[in-house]
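Engineer: Okay, here's the structure, questions in a sec.
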Amino acid sequence: CVADPDRIRLVVHLSGDLTGALPYMNAEMRAASYNHDGPTFSYMDEYRMISVYPRRISVAKADEIIDAWRVLEELRQFANGVWARRGEIEPSYEQRARPPALEIYKRLPGLCR
C-alpha cells in the first residue's frame, strides 16, 4: 500500500456485476459513500478503505492477506444478504457528503485537555 508500507492493497476482479446491488447496499450501510453515476460504493472498515465497483473491489490498508480475505468475506456476506432481502429494502441513490473534519471536531465533547 502506497499510503502505509506496512499494509497491503489489493484489487479483486469479479465475474459478476454488482451494479444492481449497490443502491440496496447504500440503503443498509448509512456510513458508506455511494455515487450512482460512478457507480461506486465506498466505506471504511476501521482504517481499511473498501471501494466496490460493478466488477471489482479494492481494499486499501489491509494488515496482510488473511485480513484482506476476512474483509472480502464480510463484504460478500453483507452483499449477498442485502441482495437476498432486496424485496424488503427501499434502494437508496442518495450520495451522502462526509462532514468536514472541523465540523466533527466542533461536535466533540472536549473531555481531553
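Engineer: Inside the stretch 43-91, can you point out the residues that are within 19 Å of Glu28 (Cα to Cα), of a type in the set (Phe, Trp, Tyr) and not in a loop (DSSP other than H, G, I, E, B)?
Structural biologist: Of everything in the stretch 43-91, those that are within 19 Å of Glu28 (Cα to Cα), of a type in the set (Phe, Trp, Tyr) and not in a loop (DSSP other than H, G, I, E, B) turn out to be Tyr43, Phe78, Trp83.
Engineer: Quick check on Arg113: is it of a type in the set (Lys, Arg) and modelled with pLDDT of 95 or more? Before you say what the answer is, go through the steps one by one.
Structural biologist: Values: of a type in the set (Lys, Arg): yes; modelled with pLDDT of 95 or more: no.
Here the answer is no, as Arg113 does not meet what is asked.
Engineer: What are the residues in the stretch 32-59 that are open to solvent by less than 80 Å² (accessible area, probe 1.4 Å), of a type outside the set (Val, Ile, Thr) and within 11 Å of the chain's Cα centre (by Cα), if any? Talk me through it step by step, then tell me what you get.
Structural biologist: Let us first name the residues in the stretch 32-59 that are open to solvent by less than 80 Å² (accessible area, probe 1.4 Å), namely 32-35, 38-43, 45, 47-54, 57-59.
Then keep just the ones that are of a type outside the set (Val, Ile, Thr); that gives 32-35, 38-39, 41-43, 45, 47-49, 51, 53-54, 58.
Answer for the stretch 32-59, where residues must be open to solvent by less than 80 Å² (accessible area, probe 1.4 Å), of a type outside the set (Val, Ile, Thr) and within 11 Å of the chain's Cα centre (by Cα): Ala32, Ser33, Tyr34, Phe41, Ser42, Tyr43, Asp45, Arg48, Met49, Ser51, Tyr53, Ser58.
Engineer: Going through the stretch 13-31 one residue at a time, which ones are touching a strand residue (DSSP E or B) at 6+ places or on another chain (Cβ under 7 Å) and surrounded by fewer than 15 Cβ atoms within 10 Å (Cβ to Cβ)? So that I can check it myself, show each step before the final result.
Structural biologist: At the first step, the residues of the stretch 13-31 found to be touching a strand residue (DSSP E or B) at 6+ places or on another chain (Cβ under 7 Å) are 13-14, 18, 22, 25-26, 29, 31.
The answer is His13, Leu14, Ala31.
Engineer: Under the condition of being at pLDDT 95 or above and hydrophobic (A, V, I, L, M, F, W, C), which residue from the stretch 19-40 is nearest to Glu90 (Cα to Cα)?
Structural biologist: Restricting to residues being at pLDDT 95 or above and hydrophobic (A, V, I, L, M, F, W, C), the top hit is Ala27.
The values are calculated or read from the model by the stated rules, or taken from the named source; none is laboratory data. Worth saying up front: this structure is predicted, and the values here are computed from it rather than measured. Cβ coordinates were reconstructed from backbone atoms using ideal geometry, including for glycine residues, and neighbour counts include every protein chain displayed. Side chains are part of the model used for accessible areas, which takes the heavy atoms of the whole protein and leaves out ligands, DNA and RNA. Shrake-Rupley method; radii C 1.70, N 1.55, O 1.52, S 1.80 Å.
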